[in-house]
Amino acid sequence: MSAAATRSGWAVPLRLIAKRSGMALVTLLLVSVVIFTLSAMLPGDAAQEALGQGATQAQVDALRSEMGLDRPAPVRYAQWLGGLLVGDPGQSLVAHQPVGAIIAERLPNTLTLAWLTALLAVPVAFAIGMASAVARGRRLDTALNFVTLAMVALPEFLVATIAVLIFAVELRWLPSITLVRADQGWGEFLRSYALPVLSLAVVVIAQMARMIRAAVIAELDRPYVEMARLKGVGPLRLIFVHVLPNAIGPIVNAMALSLSYLLGGAIIVETIFNYPGLASLMVNAVTSRDMPLLQACAMIFCTTYLLLMLVADVVAILANPRLRHG
C-alpha cells in the first residue's frame, strides 16, 4: 500500500478520535461548571465551620473575606478554573495547605486500590463472560447468569459488611481496617487490601462479565460466524481468531464502563474500611465544607471517568476495520 493511501486510510479514524477528544474536553468544562455550582449550593459555611458556633458574625465575615468567599460566584469560578489549568487547585479552607499537596498524599492509595481491583476483576470477568457466551443456553450459562445477576444486586456496603463479619470477626484471617504503611511486607500488604479489593471486585466482575457476554454473543450471531462454522473452523479458532478481534471494541467499552464504577464504589468501601484514599478525603471535605478540596476531588473522579470512556471510544474506532482503513 502506498504512503498516500496509508495517510488517507488513517484520516477517518484520526478525525473521529479528534472529535471524541474535543467532545470530552467540552464535557469536562461543563462538568466543572456543575461541580462548582453544586458545591457552592451545599448547606453550611466553611468560615463558620472553621471558627465554631461561638464565633461572632464579624469574625465570620472577616474570615469569609480572607477566604475569598465574599466574591461573586463567576469570579471565584474563573479563578478556580484558571488555577486548575495551571495545576493549582487552590488552598484548603480547613487544613490551610495546598489542595494539590493533600491530594498527592492520598491519590497513590486510591490508585493502588484501583489497580489491584482491576488486576483481579478484568481476567475473572473476561473468563466468566467468554465462558457464558460460548455456553449460551446451556446449564453453565444459566448458572453463571444467576451468579452474576446476584452479584450485581449486592451493594458494596453489604458485601463489605458480610466480608468483615466472615473474614475479620468470625475467622480472624484478615484485618477489618486497611492499614497503609511504607514498610509493609508483601504478605501484610495483601492481607490489608484483601477485603476492600474483594468488596469492590464483586460488583465490577459481575457487571463486566455480563457486558462481555452480550458483546461476544452479538458477534456469534453474525453471518460470518456461521460461514466459518460451515467451513469447519474449530471452536477455539472461531472464538479467538474470528470473534474476539471483532468484539474487542465492545469488550473494551464494557471494561471501561465497569472500571469507572470503581469511582463511586470506592467512596463507600474507603469509608467502611477507614482507607486513606481520595474518596474518603472527598467525604471529609463535604463534612467540613472545604470547597476547594471537594471540587478538586470531584474533578479528578470525573476526569478519570471521561478518560476511560475516551480510551474505550478510541479502541472501538481503531478496532473497526472500515474506519481503520478509511
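Taking label positions 7 Å along the Cα-Cβ direction at both residue 34 and residue 150, the computed distance is 3.6 nm, reported to one decimal. What net charge do the residues around residue 216 carry, taking every other residue with its C-beta under 14 Å from that of residue 216, with Lys and Arg at +1 and Asp and Glu at -1? Cβ neighbours under 14 Å give a net charge of +1.
Between the helical axis of 73-85 and the longest alpha-carbon principal axis of the chain there is an angle of about 60 degrees.
Here the dipole of the chain is about 1660 debye; that uses its Cα centre as origin and unit charges on the Cβ of Lys and Arg (positive) and Asp and Glu (negative). For the listed peptides 103-113, 220-230, a ranking on the average number of other beta carbons within 10 Å per residue, highest first, reads 103-113, 220-230. Rounded to the nearest 10 degrees, the inclination of helix 57-67 to the longest alpha-carbon principal axis of the chain is 50 degrees.
Relative to the longest principal Cα axis of the chain, at what angle does helix 99-134 sit, 0 to 90 degrees, rounded to 10? With both axes taken from Cα atoms, the answer is about 20 degrees.
Taking amide H as placed 1.01 Å from N in the peptide plane, residue 91 has its amide H under 5 Å from the amide H of 99, each at least 5 places away in sequence or on another chain. The alpha carbons of the chain stretch over 85, 63, 35 Å along the principal axes, in descending order. The H on the amide N of residue 184, modeled in the peptide plane, is under 5 Å from the matching H of no residue at least 5 residues off or on a different chain. In order along the stretch 165-172, the Karplus-derived 3J(HN,Hα) couplings, from 6.51 cos²θ - 1.76 cosθ + 1.60 at θ = phi - 60°, round to 4, 7, 8, 9, 8, 7, 7, 6 Hz, and Gly and Pro are given as x.
Potential lengthening of the chain between residue 231 and residue 188 amounts to 10.1 nm, from the contour at 0.36 nm per residue minus the alpha-carbon distance.
Just so you know, all these numbers are worked out from the coordinates, no wet-lab data involved. On a predicted model such as this, the values are computed, not experimentally measured, just so you know. Cβ atoms come from the backbone with ideal geometry, glycine included; neighbour counts cover every protein chain shown.
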